[in-house]
Amino acid sequence: MSEQTSSRSVSVVGLGPMGQAMVRAFLDAGVEVTVWNRSADKVDAMVELGAHRAATVAEALDANEVTVLSLTHYAAMYDVLGQAIEHLPGKVIANLSSDSPEQTRKGAEWVRSHGAQFLSGGVMSAGDNIVHPASYIFYSGPREVFDAHAELLRPLSPQEYLGADDGLAQVFYQALLTIFHPWMLAFDQATAMIDRSGHSIAEFVPFAIRSAAAFPYFMEEMSVANQNGGWAGLASLKMMVAGAQHIIDASEEVGVDATFSHTAQSFWRKAVAASEAKGEAVSTYALMRGDS
């Protein structure tokens, strides 16, 4: 396969739902795309849309200067790129896979040790809908590498460059998922409670959306508090313990698993106990930070 030198061409390795969404976004923007994936059926689907097939990882790397990785984790990067290490020198690897910040830093070092440049990314999207108005991508790594290839990567989603630290994109990405995952569980519990109580989830959802409009206010208020040790007051902490119990009762009365609310209540109880032991209010934020 001849090397493509156009700045409007890219390789995509890893064709899960997110990788396929990236290929579609590139193609829709007129970018020439070469694809590789372990399973051929996903490659076939992208080729039907206009992508070029790479029979091997080496062919995918040789096809373009920039290769975008969309894999399950960084361990998969070693497995995949390890098949074609000698083809890495002079290339740019933009790894948009999820992992911990430290694993990302180690991955960046590994890629550079084999002669390639590296960018890390965290894809904040509505599922695999990268064209959703709320979707965007965190990037980190050398500024000059990002600037050189930002235009090529722009079709994927709006870009938020955070800094030179390779792990920084994952710090912000994982922090936002830390908020999202409990929200998913809480929403499941809430809608199960509605349903098991004999009421309509569809009727409930508009109220949930309406209440969610207050979340930015709470985040702004709590962020200020957390910059100053966290929100805490013994009476308020005890109120949260009682409030959590009401949620637990409402769930368990209709047979809904309230494990998640028990876990939340345990944090409020720890804060109450720590406050009483210290003689002053101790926030759940301080406890999670590991402050003594």
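Just so you know, all these numbers are worked out from the coordinates, no wet-lab data involved. Keep in mind it's a predicted model, so treat the numbers as computed, not measured. In this analysis, Cβ positions are derived from the backbone assuming ideal geometry, glycine residues included, and neighbour counts consider all displayed protein chains.
Here are a few things to note about the model shown:
- Tally of residues being under 15 Å from Gln174 (Cα atoms) and either of a type in the set (A, V, I, L, M, F, W, C) or touching a Cys at 6+ places or on another chain (Cβ under 6 Å) (or both) across segment 127-139: 2
- When Phe260, Phe215 are checked against the criterion of being within 20 Å of Ile179 (Cβ to Cβ) and free of Cβ contacts under 8 Å to residues at least 60 places away in the same chain, Phe215 stands alone in meeting it.
- Residue ID - nearest to the chain's Cα centre (by Cα), chosen from residues in segment 12-36 that are touching a residue at least 60 places away in the same chain (Cβ under 8 Å), crowded, with 17+ Cβ neighbours inside 10 Å and in a loop (DSSP other than H, G, I, E, B): Gly14
- Residues of segment 179-196 include at least one that is out of contact with any strand residue (DSSP E or B) (no Cβ under 9 Å at 6 or more places or on another chain), of a type in the set (A, V, I, L, M) and closer than 17 Å to Ser98 by Cα.
- Subset tally (residues that are in a strand (DSSP E or B) and surrounded by 18 or more Cβ atoms within 10 Å (Cβ to Cβ)) for segment 37-61: 1
Results for (1) assigned to a helix (DSSP H, G or I); (2) surrounded by 10 or more Cβ atoms within 10 Å (Cβ to Cβ); (3) in contact with a Lys or Arg (Cβ under 6 Å, 6 or more places away or on another chain), shown as yes or no for each residue.
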position: Arg210; (1), (2), (3): yes, no, no
position: Met239; (1), (2), (3): yes, yes, no
position: Gln245; (1), (2), (3): yes, yes, no
position: Val254; (1), (2), (3): no, yes, yes
position: Phe260; (1), (2), (3): yes, yes, no
position: Phe267; (1), (2), (3): yes, yes, no
position: Ala271; (1), (2), (3): yes, yes, no
position: Ala286; (1), (2), (3): yes, yes, no
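- One residue stands out among those in segment 112-150 that are among the β-branched types (Val, Ile, Thr), in contact (Cβ under 8 Å) with a residue 60 or more places away in the chain and out of contact with any helix residue (DSSP H, G or I) (no Cβ under 6 Å at 6 or more places or on another chain): the one that is surrounded by the fewest Cβ atoms within 10 Å (Cβ to Cβ), which is Val131.
- Scoring Glu276 on the criteria (1) part of a helix (DSSP H, G or I); (2) touching a Phe, Trp or Tyr at 6+ places or on another chain (Cβ under 8 Å); (3) surrounded by fewer than 15 Cβ atoms within 10 Å (Cβ to Cβ) leaves a single failure, condition (2).
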